[in-house]
Every structure is written in structure tokens, then in C-alpha cells.
1. Conditions first: (1) modelled with pLDDT under 90; (2) out of contact with any helix residue (DSSP H, G or I) (no Cβ under 7 Å at 6 or more places or on another chain); (3) in a helix (DSSP H, G or I). Residue 60 passes all but one, so which condition is the exception?
2. Looking at the structure I just gave you, is residue 78 at pLDDT 85 or above and in a helix (DSSP H, G or I)?
3. When segment 63-89 is examined, which residues are found to be free of Cβ contacts under 8 Å to residues at least 12 places away in the same chain and touching a helix residue (DSSP H, G or I) at 6+ places or on another chain (Cβ under 9 Å)?
4. Spot the failing condition for residue 33; the list is (1) out of contact with any strand residue (DSSP E or B) (no Cβ under 8 Å at 6 or more places or on another chain); (2) part of a loop (DSSP other than H, G, I, E, B); (3) at pLDDT 85 or above, and only one is missed.
5. Do we have residue 100 as loosely packed, with under 12 Cβ neighbours inside 10 Å, modelled with pLDDT of 90 or more and not in a strand (DSSP E or B) here?
């Protein structure tokens, strides 16, 4: 998980880099928690690939929601349509949300 990762696209422009060696499948990710606490309005979190941040759609959406609540944006370099800095990107994320199952009712 990276705010802008090492080896990221040179034009991505990193102000602060957060790198975590722990698998995205684990729930206890101190760098992710620290980054989320440090977010300020208008920050943009950039990841190389979505699977570097989350291992499930639900996890991704929860993290992106936390980023949004801080007033920050989100972008993925490998999946440029997955982002929250434009109306189009927000629409793509809304469509990606998992449908409630019969177990959720």
C-alpha cells in the first residue's frame, strides 16, 4: 500500500510515500492506519494497483470511503478508471459496489 509508491509513474508526483510490507489480506496494517489518520482535505492517495491496497471489493470500498470522509481523493495508476477525483470515477466505483445478497436482508 503506497500513497505514491516507489517506482510509481514519474508524473504521479509524491509528497509522502507510505510503504507497507504486510499483505493487504491482513486486517492489522499499521502503515495504512497511520496514512488514513494523516489524511488532510485535498490529499490524493495514489496506488500502483488496487490489489496493493485491498484484497476484496468490500475492503477496497471501505478504505476508499475512509479516504473520502477525510476529504481526500483516491487514484489507481494501473486502473485509471478507479478513482474518486472526478464524477466519472465516482460513478465507476458506485457501479463496482457489491450488490446486497439475500443474507444481508
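1. (2)
2. no
3. Matches in segment 63-89: 80, 81, 83.
4. (2)
5. no
The values are calculated or read from the model by the stated rules, or taken from the named source; none is laboratory data. Remember, it's a predicted structure, so these values are computed and weren't measured experimentally. Counting neighbours? That spans all protein chains shown, and the Cβs are built from the backbone with ideal geometry, glycine included.
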